[in-house]
Amino acid sequence: MTWLDSIQMVSANEIAVITKAVIPVAGLGTRFMPVTRSVPKALLPVLNIPLIQYAVDDAVEAGITDIAIVEDTKSVGSYFHSMPDLEERFRQGGRDELADQMVEISSKARITSIKQLEPLGLGHAILLAKNFIADEPFVVILPDEILWGDHSSTAQILDVRDRYGGNVIAVTETSWDDVHTKGIVAGPSVEPNVIAIEEMVEKPKRQDAPSNLAIIGRYALEPSVFDFLSQQRRGAGGEIQLTDAIIECMDDLPTHAVTVDAARYDAGVPEGMFGASLHQAAKDPIMRQMIVDFAAQL
Ligand code: UTP
């Protein structure tokens, strides 16, 4: 008998509160070459805000206080360092608003940098944060998945975790033409927008995919996932896959997927980043008019 045979809700006070997040940013960013030769994808901006700031905001809104950024030799974590000289300069120039923004960015959460010197896969990047996590449940946020809704997408998966415990991941319906590029899940619905995962497969062929529900970069995980990541087995693409470790945990842990209520942009590719930029630009009257004028010329 597995946990699926006896689905039951757990009372919220049995579940440890999550305060830690891991944000891995050490991938090669191949689909965003050539800029990613020297600029980490997580520092690419939607207008003037880099992807990493949206990811940290998503975490902080969900109550996260401690964040490990897993990065390669290019520093992403330093974006959140305090910059007293710059702040002072802005204050002296009467630009308090900018100075306040500098302070706000450096005080969002406690940020720790962890180095992944070889891109051995998402699972490997998460494994490197094992000591930082120290046997607590935690969240993983992929900054190139932009999810903008009324509530942080991380908060949405934590809300479901409060009811069911175990591992919870965010998903969205994707085109059947894309399933071979994604982690795919399937299982019975337990409430609107929530399924109990029965099947989970990384990058299936279209004909083998059990559904078109794709994993989209927000995970609430129990620390037992490290037991499987530590075995460092290579999965799809020869990489150490987080999905494989979550599958290994499924015999012992409730595992749910939430279709999050958010506008989604895949900022791992230029067209997704462009869509996200349009989304934000449309909120500003001047830029909105620029979009309208430009569209009229097309
Ligand atoms: P992706 O699968 O999007 O890979 O990684 P990527 O390297 O960023 O981009 P492409 O596919 O080459 O274009 C998902 C997330 O996992 C991180 C990435 O930085 C991204 O945030 N990652 C991936 C690591 O931190 N380390 C890895 O070894 C692989």
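Structure values in brief
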quantity	calculated
Net length gained if the chain between ARG110 and ALA295 were fully extended (0.36 nm per residue, minus Cα distance)	62.3 nm
Dipole magnitude (debye, nearest 20) for the chain, charges at Cβ of Lys, Arg, Asp, Glu	840
Listed residue (LEU47, ASN131, ILE69) projecting farthest to the positive dipole end of the chain, Cβ model	LEU47
Computed E for LYS203/THR73 - FRET, C-beta separation, R0 25 angstrom, nearest 0.05	0.35
Alpha carbon centroid spacing (whole Å) that separates region 72-145 from region 161-189	28
Additional length obtainable on full extension of the chain from MET33 to MET83, 0.36 nm per residue less Cα span	15.0 nm
Cα convex hull of region 140-270, projected area averaged across orientations, nm²	8.0
Trypsin sites (Lys or Arg not before Pro) lying in DSSP loop within region 193-238, provided at most 15 other Cβ fall within 10 Å	LYS205, ARG233, ARG234
Modelled label reach - VAL190, point 7 Å along Cα→Cβ, region 232-273 residues with backbone N closer than 20 Å	243-261
Theoretical ellipticity at 222 nm over the chain - DSSP helices of four or more residues, -39500 (n - 2.57) apiece, nearest 500	-8500 deg cm²/dmol
Inter-label distance, nm, simple model (7 Å from Cα along the C-beta direction), ASP159/ASP227	3.2
Loop GluC sites (Glu not before Pro), region 196-298, which have at most 16 other Cβ atoms in a 10 Å radius of their Cβ (DSSP)	GLU198
Listed peptides 43-56, 170-183, 79-92, 137-150 by packing density, highest first (mean Cβ within 10 Å)	137-150, 43-56, 170-183, 79-92
Added length on full extension, which subtracts the Cα-Cα distance from 0.36 nm per residue, GLN92 to ALA281	65.0 nm
Principal semi-axes in Å for the chain [√(5λ), Cα gyration tensor, largest first]	32, 23, 20
15 Å Cα cut-off, lysine pairs counted over the chain (separation 8 or more, or different chains)	7
Of all DSSP beta bridges in the chain, antiparallel share, percent nearest 5	60
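Readers should treat all values here as calculations from the given coordinates under stated rules, not as data from a laboratory. What you see is a predicted model; the values in this text were computed from it and never measured. Methodologically, a virtual Cβ is constructed for each residue, glycine included, from the backbone with ideal geometry; neighbour enumeration extends over all protein chains shown.
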